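The structure appears below as C-alpha cells.
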C-alpha cells in the first residue's frame, strides 16, 4: 500500500463530498419552500420578505448561493436553522454523537453475533444449526426496522414491561439508565445487518473451505481447528470487512427510523423533522454529515483490508 | 516379499459416488502396491479416477463417496480402519502430497515460512522458533537461493516454480514413507517443470521415499517412474515395469495412449511450396497494455507501459503452418489478439497486399479471411446460444459460398465428425472435445485463409487432443488455409508446423524450420526450451534400450 | 422453459419462493374480488375484533375487515415495489452497462460519481426525493427507483465487464459482428440472468422501503390500505388489539421473504452450467 494510494483514496472522499454537496444543494433548492416566509411567517409584509431575501442572498444566482454555502461548510459553518434560528453545526454534531453511540453499539452487537453465527452455519453446513441460522437470517432481512421496532416496543416494553419503551439518556449522565434505554434501539438497528453479514460470512467461509489450499492444509495433517481458524477464517473474513463497511450505509438509513420510533435525539431524528418542516440548512448539513461518515468508514475499511491482505498491490 | 517392504498396498479397492438415481462408480477393484523407494506412475485421462485414488489414500473423500470394497495399507497400517483423528496424525507425517497448481495450493494470506513450519510444529513437535530454523534449512535443500528471505515472503511474491519448491519442501519435511505427486508440473512452464522434475528425482534418490506419481503425461512417466499403472474409467487395465510397458504395451488403451502422444519425428504436414508470395507479413507489431493514470499525469510521473509483445516481424505463406511457442507471458497470445483486432497495436500487418494498421482497417473481408479459435471452448461458445445459432453466424456475416445455410451447417458438422442433431443442443450438453470441434467448425464455415489456433488443444485429454489435431490437419489439406498454431507443447508443434517461432517475454527470439528447431546452432533460449521438453516415450525407449 | 421451471422448483428456496410469491400475485390480481368486505367499509359495532369466522383476521379501529384491507393493499404495496424496482434496475442497468461500454476515463468518471451518490443511504435519498416532490404513492415509487439506481448501476457494470471479457464476446468481435449484435445477442442474455436475480431480491427491499416511507408518513396517505401505513396507524390502538399491528407486519415480512427466496432460487436455476 503506497502513499499515493492513500492520497488517491482521500481525494476520492473529497470528490464524494463535492458530488453529495451539489446533489443535496440542488435538491433543496428545488424544494418548494421559501426560506424567508419560513423565518418571518405567513403574515410578513412583502417589503420585509424582500429585505430578508436580499440579506440572505436568496436573490443571487444559484451558483453564487452554492459557493456561499460551500465556503461556509468548509469553514465549519453550516448556516442557521430556519425553524429554530440557531446555528445548525453545533446542534447537529451533538446529535451525531448520540447517533454514533447507537451505531457503534449496533455494529459491535452485529459483529459479536453475526460472525459466530456465520461460522457455525458454514461449519455445520446442511445440518440443523445451518438451517436455523439460515431461517433466522431470512426472517431478519425481511423485517423492516419499523416493524421490528414496533414489535419490540409492544412485546418487551408494553407486555412484559422489561425495558422503557422510548427515550434517551446520555450514558455519561446515567450509565445504567442510558444503557437500558439503548438495548431495544441497538437490537433493532442491528437485526438486518446480523442477518446479512451472517449470510455473507457463511457463504464466504463455505467457498474458502472448498479451495485447494484448505485441502492442502488438511492433507498436511493440521488439526481441524487450525485449518479453520488459521487458514479458513482469515481468508473468509477479509471480504466481510468490505461488506460491513457498505452495510454502514444501510445502518445510517435504519437509524433514521429507529431514532424516530424510540425518540432518540440523534441526527436521523433531526433530519426527519427537518425534512418534514423543510428546514433546508439542516437537511443539507445532515445529509453531508451522513455521507461523510459513510465515506470515512469505507476509507478505513479499505485501509484495513489493504493492510491485512498483502496480496493487493495498489498504485 | 514381506509386508514391511511395501510402502503402500491397495487391494481390491472400489469407490463410488452417490448421485441422483444411484451410484456412479469411480474406481473398481484397484490393486496397487509401491515398494519402499519405488516410484509408481499412475496414468489416466480426466475422469479416469486417478484423483479419487489419491483422495482415497489420503482418506479425504467427498461426503457422497461410498467405499464399496477393498483395503488400503500404508506400511502395516490399515488406513480405512483409522479414525479421522488418527488420520490427521498420519497425514503430512507418514504420507504427504504435492499438488498440481502451487498458485492455489498455498494459502494466499499466510507467509510461506508459516505454511512450512506449521507442519514441523504439528508432526515433529518443534517449537515455532525451531521449526522456522528447520524450515529455512529445508528451503535451502530444495534449491531456493535465499531461504531466510523466502520464509518471510507471501505466495504472490514468488514465481510458480519457487512456490512448487516450497510445496515439495513441505511434503518432504517429516520424511514420510509415501508421497503422492498429483500432476506436480502440469501448471508450470516447460523449463520450470524440467527443473522441478530434476529436483524431484534428486530428492527421491536421496531420501528413498516411495512415490505415487499421478499424471496424464505418459512421456513424463516413462522418464520418472519405475513402474506404471494405466487407469481407464476406474479400472487398472495394465501395470508393469516402465520400459517393458512402453516397449510392448498389452492393452489396447495403453497402445492408444502411447500412439496419441505427439512425436516430433512423425510429421503430419506436407512440405510447403516456398515460391509463393507471403499471405501475411507482420512488421514491427508492438502491443502495450495499461493506460497512464490521471495521478501519473498530475504528478508528472514516468509511465512505464506493460509490454505484451515488442516489434514482432514475421511472414506466413499461403497454406503454411507456423507454430509459435513460448512460456506463459511470452506474448504469443497477445500477437494472436492483435492480428484479430482484439488488441490495439502499433506496426503493420500486410494481409494479401492489403495493409492493416489498426482496427479500422479490418473490414469484413479481412474478418472473414482471418479466423481465431480459442483455448477454452467453454468460454468461446456462448452458453445461451444453441449450436445452430453459433454456426449460423459466419454464414450470415460473410455469406460466402452458396447453398442452404442449414445444409451447409449439417455438412460442416459431418466434416468435424459430429452428428447433425447437435444443432439443437446447448454447448454445456457437449463434451470438451466436441465443443472444440464446434469452435473449429465455426471458424471454417467462413472459408478462411488464415486460422489462428490459440492453445486449442491444451485443455483437452491426450486422446481427444490427437483426434482434434487429426481433424485440423485434414481441414488444412482440404482447404489450404494457413495456420498460426500457438502452443506450449513443443513435441506437438514439431509434428505439425512448417516453421516454429520462439517467443520470450514479448520478444521474438527466432524463427526456424520445424525440422531444424533442434539443431545445435539455435539461439540459447531455444536450446534451453528444447532440452527441457520430455521426449515422447516410444521414441526414446525404442532407441535406447534400458531395463 | 419447462426445464427452467423444473430447476427452479427443485431447490427448496425456489419452490418456497414460488409458492409465496404466487400467493401474493393471486392476492394482487384477484384481491379485490376475493375480499369479503370493502376495504373501507366501517362497522362501528365490530371494532377491534379478534380473528373469527366472520372476520378471519379480525377488524381494526373503525371496524374495517383486516383481511379485506390486506388483500386490497397487496396491489398498491407489491405493484408499487415491483414497478419501483424495475424502473430503478433499468435506469441503473443503462447507466452501468453504458459506463462499461464507454470504458476509460468516462467510465471512471461515471462510476466515481455513482459511488459518491451511494454515500447517501437509500432511505435518506428516498426521503429527500419524496419531500421534494410531495408525499404520495407515485412520488414514493419514483423516490425508491432513484434510490436504487446507483447500486444497480454498480452491479450491472461489474456483470457487463465480466461478460465483456469472455472469449465468446472476443470471438464475436474477431468475427466482425456489429455492436448491436454483440450487445443484444452475445452479452445481454448472459448479463440479464444475474441482474434478474438481483432485481428479485431487491423487490423485497423495495417492499420494505415503501412500507417504511408510508410508516414515516411520506408515502401513501390515509385511508389507503398500504401495509406500512396500516402498521403506522395501528400503533395508536395497540392497547385495544394487537392483531391490527400483527397482520400487516406479517404481510410485509412474508412478501419480503418470498421475493428473497425466489431470488436465491433463481440464482441457482438460471446458471446454465449446473
**Study point:** Cβ pairs under 8 Å, 6+ apart, first in the range C:1-25 and outside any helix (DSSP H, G or I), second at pLDDT 80 or above and surrounded by 18 or more Cβ atoms within 10 Å (Cβ to Cβ)
**Key:** C:11/C:264; C:11/C:265; C:11/C:269
Practice item. Would you check if residue A:135 is within 14 Å of chain C (Cβ to nearest Cβ), under 24 Å from residue A:228 (Cβ atoms) and either crowded, with 18+ Cβ neighbours inside 10 Å or over 21 Å from the mean Cα position of the chain (by Cα) (or both)? Key: yes
Check your understanding: residue B:105 is checked against (1) facing chain A (nearest Cβ under 7 Å); (2) over 14 Å from residue A:213 (Cβ atoms) and fails just one. What number does that condition carry?
Key -> (2)
**Study point:** Which listed residue, of C:188, C:238, C:245, is surrounded by fewer than 19 Cβ atoms within 10 Å (Cβ to Cβ), at the interface with another protein chain (Cβ under 8 Å from one of its Cβ atoms) and either under 30 Å from residue B:394 (Cα atoms) or without any contact (Cβ under 8 Å) to a residue 60 or more places away in the chain (or both)
**Key:** C:238
Check your understanding: residue C:45: in a helix (DSSP H, G or I) and under 17 Å from residue C:244 (Cα atoms), yes or no?
Key -> yes
Check your understanding: Hey, does the range C:204-217 have a residue that's touching a residue at least 24 places away in the same chain (Cβ under 8 Å), within 11 Å of chain A (Cβ to nearest Cβ), surrounded by fewer than 22 Cβ atoms within 10 Å (Cβ to Cβ) and more than 19 Å from the chain's Cα centre (by Cα)?
Key -> yes
Point to revise | Residues that are in contact (Cβ under 8 Å) with a residue 24 or more places away in the chain and either closer than 19 Å to residue A:276 by Cβ or facing chain A (nearest Cβ under 8 Å) (or both), drawn from the range C:117-141 | key: C:117, C:118, C:122, C:123, C:126, C:127, C:130, C:131, C:135, C:136, C:137, C:140
Check your understanding: Wholly within the range A:1-102, which helices (runs of 4 or more DSSP H) include no fewer than the required count, namely at least 1 residues that are at pLDDT 80 or above?
Key -> A:3-30, A:62-74
Practice item. Write out, first by first residue and then by second, each pair whose Cβ atoms fall under 7 Å of each other, whose residues are 6+ apart or on separate chains, and whose first residue, in the range B:74-91, is touching a residue at least 60 places away in the same chain (Cβ under 8 Å) and more than 9 Å from chain A (Cβ to nearest Cβ) while the second is in a strand (DSSP E or B) and surrounded by 11 or more Cβ atoms within 10 Å (Cβ to Cβ). Key: B:74/B:8; B:74/B:95; B:74/B:178; B:75/B:7
**Study point:** residue C:258 part of a helix (DSSP H, G or I) and crowded, with 24+ Cβ neighbours inside 10 Å
**Key:** yes
Check your understanding: What is the residue count in the range B:474-497 for residues that are over 28 Å from residue B:307 (Cα atoms), outside any helix (DSSP H, G or I) and in contact with a helix residue (DSSP H, G or I) (Cβ under 8 Å, 6 or more places away or on another chain)?
Key -> 1
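Tell me yes or no: at least one residue of the range C:214-231 is assigned to a helix (DSSP H, G or I), more than 22 Å from residue C:76 (Cα to Cα) and in contact with a helix residue (DSSP H, G or I) (Cβ under 6 Å, 6 or more places away or on another chain).
Among the residues of the range C:214-231, not one is assigned to a helix (DSSP H, G or I), more than 22 Å from residue C:76 (Cα to Cα) and in contact with a helix residue (DSSP H, G or I) (Cβ under 6 Å, 6 or more places away or on another chain), which makes the answer no.
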Exercise for review: Within the range A:273-287, work out how many residues are in a helix (DSSP H, G or I) and buried (at least 21 other Cβ atoms within 10 Å of the Cβ).
Suggested key: 10
Review point. Residues of the range C:219-235 being under 18 Å from the mean Cα position of the chain (by Cα) and more than 16 Å from residue C:72 (Cα to Cα), which ones?
Key: C:219
Check your understanding: If residue B:357 passes every condition in (1) within 9 Å of chain C (Cβ to nearest Cβ); (2) surrounded by fewer than 19 Cβ atoms within 10 Å (Cβ to Cβ); (3) within 25 Å of residue B:314 (Cβ to Cβ) but one, which one does it miss?
Key -> (1)
Study note, to complete from the structure: Of (1) within 13 Å of another protein chain (Cβ to nearest Cβ); (2) under 22 Å from the mean Cα position of the chain (by Cα); (3) not in a loop (DSSP other than H, G, I, E, B), residue B:459 fails just (3)
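One line per residue, one yes/no per condition, for (1) farther than 23 Å from residue A:123 by Cβ; (2) crowded, with 21+ Cβ neighbours inside 10 Å; (3) at pLDDT below 95:
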position	(1), (2), (3)
A:177	yes, no, yes
A:192	yes, yes, yes
A:198	no, yes, yes
A:203	no, no, yes
A:211	no, no, yes
A:226	no, no, yes
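So, restricting to helices (runs of 4 or more DSSP H) that lie completely within the range B:102-207, which ones have at least 3 residues that are in contact (Cβ under 8 Å) with a residue 12 or more places away in the chain and surrounded by fewer than 19 Cβ atoms within 10 Å (Cβ to Cβ)?
Working: elements: B:102-105, B:112-124, B:128-141, B:147-151, B:160-172, B:190-207.
Ranges flagged: B:190-207.
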Check your understanding: Taking the condition in a helix (DSSP H, G or I), away from chain C (no Cβ under 11 Å) and either out of contact with any strand residue (DSSP E or B) (no Cβ under 7 Å at 6 or more places or on another chain) or at pLDDT 90 or above (or both), does residue A:314 pass?
Key -> no
**Study point:** Residue satisfying condition, being free of Cβ contacts under 8 Å to residues at least 12 places away in the same chain, facing another protein chain (nearest Cβ under 9 Å) and in a loop (DSSP other than H, G, I, E, B), within set C:108, C:177
**Key:** C:177
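The values are calculated or read from the model by the stated rules, or taken from the named source; none is laboratory data. Values in this document were obtained by computation on a predicted structure and should not be read as measured data. Every residue, glycine as well, gets a Cβ built from its backbone with ideal geometry; the counts of neighbours run over all protein chains shown.
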